């Protein structure tokens, strides 16, 4: 097995989580894109979670920023299997997961 080249780490404890998915991505750019995507999703920001804001750029004006373009490529053009990545995510547990399940049951009449 070929050893992966290192990529810039995700901030703080997010790196340990992101490293669990490294074998799903064959290129450094993919692993970097995944870390940037996770960081954007989980970072506390004042903006909505649009692609521009996920990349940490200013809404509207920052759409052409290189970080936004990299993230766009990762999400739309990079070859990776989102179903495999989703299957590796830990299940939502505790009160937040239970509340989400109850909301889904009320809204859609599904779940058990």
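Derivation of every value follows stated rules applied to the coordinates shown; laboratory data play no part. This is a predicted model, so every value here is computed, not measured. Note that we place each Cβ from the backbone using ideal geometry, even for glycine, and neighbour counts take in every protein chain shown.
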Place a label point 7 angstrom from the Cα of residue 80 along the Cα-to-Cβ direction, then list the residues of the range 7-29 whose backbone nitrogen is under 16 Å away.
-> 7-11, 14-29
Modelled FRET efficiency - R0 30 Å, residue 27 with residue 61, Cβ distances, 0.05 increments | 0.50
On the formula 1/(1 + (r/R0)^6), with r taken between the Cβ atoms of residue 69 and residue 5 and R0 of 22 Å, the FRET efficiency rounded to 0.05 is 0.55
Packing-based order for 5-15, 66-76, 80-90, using average beta carbon neighbours within 10 Å, highest first | 66-76, 5-15, 80-90
Once normalised by the length of the range 14-80, the mean sequence separation of its alpha carbon contacts under 8 Å that are 6 or more apart gives a contact order in percent of 28 percent
